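Structure, as structure tokens:
Please treat every number below as a calculation from the coordinates, not as lab data. Since this is a predicted model, take the numbers as computed values, not measurements. Neighbour counts run over all protein chains shown; Cβ positions are idealised from the backbone, glycine included.
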Amino acid sequence: MIFRSRAFIVRLVWTGLVFAGGQSRRMGTDKALLEVGGRTLLLRAVDAVREAGREPIVLGPPRSAAAVGGARQADETHGSGKRAGPLPALRHGLALCRAGQAALALACDVPLVTTEFLRFLIDAARGWDAVVPRVAHEDQVLTAAYDPACLPVLDRALERGERALHAVLADLRVRFLDEEAIAPFGGAAIFLNVNTPAGKESAEAALRERHR
């Protein structure tokens, strides 16, 4: 009798955090509600998390249920109306995750990030405090995965007055994904940031090309 062993992949349990609290100064309007390729940036991010397999939490100022696609919302400013910054927002989002759950962070202004890449990110997170793509020497901290073990480090940074998420990476066990690791998912181009009208035009063109 021949016995064949089966390998099972145990996937991390995670929560999707959609970051939609930017001030949009360079765009001149709330870019989260800006339509790119027929959908708002915010709805694109919400849909991407859902397609990756989880229901998202939208971090940002309160918006209508339609604007967030019916997703759960969390105001990281705690009603102050003032932008808290990426570090306090991530700390707030991680605290909302169920015990032991990792968090997949996705900025709403990177519409070219694919569902396949999001799944890859969360699968790569096992055994690390964070998994962060590094493109052209820039760390994509808001398109990354974080473990709840980050919370004490984030708290200490906030006590020091830090607001930038980049400032805590040196205190975490981080797996950085280089451009070679990202290449199968579209490479550095997927991190095109829609911060300006020109960025919007570039994203529109890239999405049209993708769907030809």
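Things worth noting here:
- Residue-wise HN-Hα coupling along segment 133-145, computed from phi with Karplus coefficients 6.51, -1.76, 1.60 (Hz; x: Gly, Pro): x, 10, 10, 6, 6, 10, 7, 8, 6, 9, 9, 7, 10
- Charge context of residue 208, other residues only, Cβ under 15 angstrom, K/R +1, D/E -1: +1
- Across the chain, the longest piece that holds none of the chymotrypsin sites (Phe, Trp or Tyr not before Pro) lying in DSSP loops with up to 12 other C-beta atoms within 10 Å covers 9-212.
- Choice from 190, 122, 57 with maximal GNM fluctuation in the chain (Cα, 10 Å cutoff): 190
- Here the simple spin-label model places points 7 Å from the Cα toward Cβ, and for residue 176 and residue 164 these points are separated by 1.5 nm.
- Net charge over other residues, Cβ less than 9 angstrom from the Cβ of residue 176 (K, R count +1; D, E count -1): 0
- Here the spin labels are modelled as points 7 Å beyond Cα on the Cα-Cβ line, and at residue 196 and residue 96 they lie 3.1 nm apart.
- Over the chain - Rg/Rh using Cα atoms and the Kirkwood inverse-distance radius: 0.98
- As a rough footprinting exposure proxy, the listed residues 50, 72, 212 were ranked by other beta carbons within 10 Å of their own, and the order from fewest upward is 212, 72, 50.
- Summed side-chain charge close to residue 117 - residues other than residue 117 whose Cβ falls under 12 Å, Lys, Arg +1, Asp, Glu -1: -2
- Here the Gaussian network model covers the chain, with springs between Cα atoms less than 10 Å apart; of 70, 21, 60, 70 fluctuates the most.
- Choice from 102, 32, 74 showing the highest fluctuation, given a GNM over the chain with Cα pairs closer than 10 Å: 74
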